[in-house]
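Shown next, in structure tokens, is the structure this report addresses.
Nothing in this text is a laboratory measurement; each read-out follows from the coordinates by a stated rule. Here the structure is a predicted model, which is why all the values come from computation and not from measurement. Positions of Cβ are backbone-derived with ideal geometry, glycine not excepted, and every protein chain shown enters the neighbour counts.
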């Protein structure tokens, strides 16, 4: 086939030739872009994830002002319940108040040395407490200690029977080592 015959065939079938050229051009473009598919998919996924995060942030920020006010109120309440490690007299007064309310006898109450750790905002203020009284009053003391205004963790508790009280019940001695949540 000569170039004149080829030229005549191309002029006879212009639509077929145009379709063939477009197909060849699409094939070349597809071949050249085939290496970018994985990168494009990764970029699409990261953009989708970022868009989802933004949508969630907008949705969650609807009540942000009320939530911040609520958290601030809870923080103030928490700080009101903390014991200050350096206020020895005030701290011991808490136990004397419990003694008066529960009708037990405090035989020993000591604030132990607090750990010196400047990296923490909250510490456990350690105490050693020994009380004496009827079983009911000792149980009442423990209940008030656990449900009182301060956060308390009892580390050790030792009950001892000391004898009979005047009402026919049993006198108990309770020795506690405990931590009360506080600030240094």
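Being in contact with a helix residue (DSSP H, G or I) (Cβ under 7 Å, 6 or more places away or on another chain), touching a residue at least 24 places away in the same chain (Cβ under 8 Å), surrounded by 12 or more Cβ atoms within 10 Å (Cβ to Cβ) and outside any helix (DSSP H, G or I), is that true of even one residue in the range 76-83? The answer is yes, given that some residue of the range 76-83 is in contact with a helix residue (DSSP H, G or I) (Cβ under 7 Å, 6 or more places away or on another chain), touching a residue at least 24 places away in the same chain (Cβ under 8 Å), surrounded by 12 or more Cβ atoms within 10 Å (Cβ to Cβ) and outside any helix (DSSP H, G or I). Examine the range 62-74 for a residue that is closer than 16 Å to residue 183 by Cβ and surrounded by 11 or more Cβ atoms within 10 Å (Cβ to Cβ), and state whether such a residue exists. The answer is no; no qualifying residue exists.
The set of residues from the range 125-155 being part of a strand (DSSP E or B) and closer than 19 Å to residue 83 by Cβ comprises 125, 126, 127, 128, 129, 131, 152, 153, 154, 155.
Annotation: residue 143 fulfils all but one of (1) surrounded by 12 or more Cβ atoms within 10 Å (Cβ to Cβ); (2) in contact with a helix residue (DSSP H, G or I) (Cβ under 9 Å, 6 or more places away or on another chain); the unmet one is (1).
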